[in-house]
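Q: Please find one structure pasted underneath; my questions will follow.
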Amino acid sequence: MDETTKNAHATTAIAADAPDASGALLRVDNLTVSFAGQKKTMVPAIEGVSYEVAPGEILGIVGESGCGKSVTAFSILRLHDERTTRYDGHVEVNGHDVFSMSQHELHALRGGDVGFIFQNPMSSLNPLMTIGQQMRETVTAHGSGLSKARIREQCLHALRDAGADEPEEWMGKYPYQMSGGQLQRAVIGMALVNGPKLLVADEPTTALDVTIQMQLLRVLMRLRDEQGMSIVLITHDMGVVAQVCDRVAVMYLGEIVESASVDELFAHPRHPYTRGLLEATPPLEGPHPERLSTIPGSVPRLAEVGPGCRFASRCPFVAEECKVAPIALQKVGDHHQARCIRLEHVSEFRKVIA
Ligand SMILES: Nc1ncnc2c1ncn2[C@@H]1O[C@H](COP(=O)(O)OP(=O)(O)O)[C@@H](O)[C@H]1O
Ligand SMILES: [Mg+2]
């Protein structure tokens, strides 16, 4: 990540709202992100990614480590280092084209209309400043003329929304004086402090124990319910998706391989990769099976896969026809898409998890 852009501040808000005609708050259209490789080549990390998030909707993006979830998330705010990154396609927030924004507009978007929560809270905290100092700075960077008392109230309010039990005390604390769960809550508070319409959370609970993870997921659900916030929740955990999300996009090796509502996806998973992820997820209720299955092998590097389906090397249903040419996403149901040409061979599979 580009440190200068991450920490940069802005003094103006982006232009007045011009919501997308489809009503989406976030629209990602055919997004390809490539990074500089050897000998001046540009190597794609994600390709042709499209999805939308409506106001008040929680979209889960799920997949194993290395599938391109963070690359996708960072692109929403153009957080990749622009000297070594090429973006193709479109990202629109509230009708505004993120890839044609000036640095000034981008800085207003970051921490303004869009809050971002990183997996590691320390990547968005300054260890030398108190939580209160950092939050106040975020407020003043996005709006001028507020009284000190008003700014403090806004910070306390955001911390309370993030589930802080003693927000006044937290304001005076340095990061090293707080636990992992408290830090992640402080980071959520910081992302909320300017009343964002969209929260992008990149594995916000992965490093935390199960109880604290559940508390934080409840915070996210409450923000959606009470404030109508839209959330993009990145996770490798299908259990988290089942508990929190409305819709889900499954990513494998830089592509979306299946997308549907959560109910539909868990009842009728179509892509063999989705099935593999579900079979590897412990049930939310009832006894845990003695052994959970795992998807054989690991995510290959993009350079190692052939011209056909990227999941071919690990797929139990693979056939020669899968290895010839790229597989397109196809409609397999109501608002349900899957990137597989062997669907009729992928036997009906049900698992009661949601
Ligand atoms: N800044 C970067 N430069 C080059 N390659 C990158 C960069 N960031 C991520 N990648 C590559 O993109 C792929 C997807 O990474 P990432 O989005 O972090 O996966 P995930 O979040 O799903 O674990 C990986 O192969 C990773 O090495
Ligand atoms: Mg990641």
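The values are calculated or read from the model by the stated rules, or taken from the named source; none is laboratory data. Just so we're clear, the structure is a prediction, and the values are computed from it rather than from any experiment. Cβ sites come from the backbone with ideal geometry, for glycine too, and all protein chains shown count toward neighbours.
Q: Go through (1) touching a helix residue (DSSP H, G or I) at 6+ places or on another chain (Cβ under 9 Å); (2) modelled with pLDDT of 95 or more and name the single condition LEU329 misses.
A: Among (1) touching a helix residue (DSSP H, G or I) at 6+ places or on another chain (Cβ under 9 Å); (2) modelled with pLDDT of 95 or more, LEU329 violates only (1).
Q: Given the conditions (1) modelled with pLDDT of 95 or more; (2) more than 24 Å from PHE74 (Cβ to Cβ), report the number of the one that SER293 does not fulfil.
A: Going through (1) modelled with pLDDT of 95 or more; (2) more than 24 Å from PHE74 (Cβ to Cβ) one by one, SER293 breaks only (1).
Q: Sticking with this one: Out of THR32, THR5, report the one residue that is assigned to a strand (DSSP E or B), surrounded by 13 or more Cβ atoms within 10 Å (Cβ to Cβ) and either modelled with pLDDT under 95 or away from ligand 2 (no atom under 16 Å from the Cβ) (or both).
A: THR32
Q: Follow-up. For the range 315-344, name all the residues that are small (Gly, Ala, Ser) and in contact with a Phe, Trp or Tyr (Cβ under 6 Å, 6 or more places away or on another chain).
A: Hits for the range 315-344: nothing passes.
Q: Does the range 96-103 contain at least one residue that is within 29 Å of GLY172 (Cβ to Cβ) and not in a loop (DSSP other than H, G, I, E, B)?
A: no
Q: Enumerate the pairs (first residue in the range 216-240 and free of Cβ contacts under 8 Å to residues at least 60 places away in the same chain; second residue anywhere and assigned to a loop (DSSP other than H, G, I, E, B) and within 16 Å of ligand 1 (Cβ to nearest atom)) with beta-carbon separation below 8 Å, excluding pairs fewer than 6 apart on the same chain, so at least 6 apart or on different chains.
A: Final answer for the pair search is LEU216/PRO204; LEU216/THR205; LEU217/THR205.
Q: Could you tell me whether the range 201-216 includes any residue that is within 16 Å of ligand 2 (Cβ to nearest atom), closer than 24 Å to CYS245 by Cβ and acidic (Asp, Glu)?
A: yes
For every residue, the table says whether it meets (1) closer than 19 Å to ARG27 by Cα; (2) buried (at least 21 other Cβ atoms within 10 Å of the Cβ); (3) of a type in the set (Ser, Thr, Tyr).
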| site | (1), (2), (3) |
| --- | --- |
| GLY89 | yes, no, no |
| GLN103 | no, no, no |
| ARG110 | yes, yes, no |
| SER124 | no, no, yes |
| ALA141 | no, no, no |
| ARG150 | no, no, no |
| GLN154 | no, no, no |
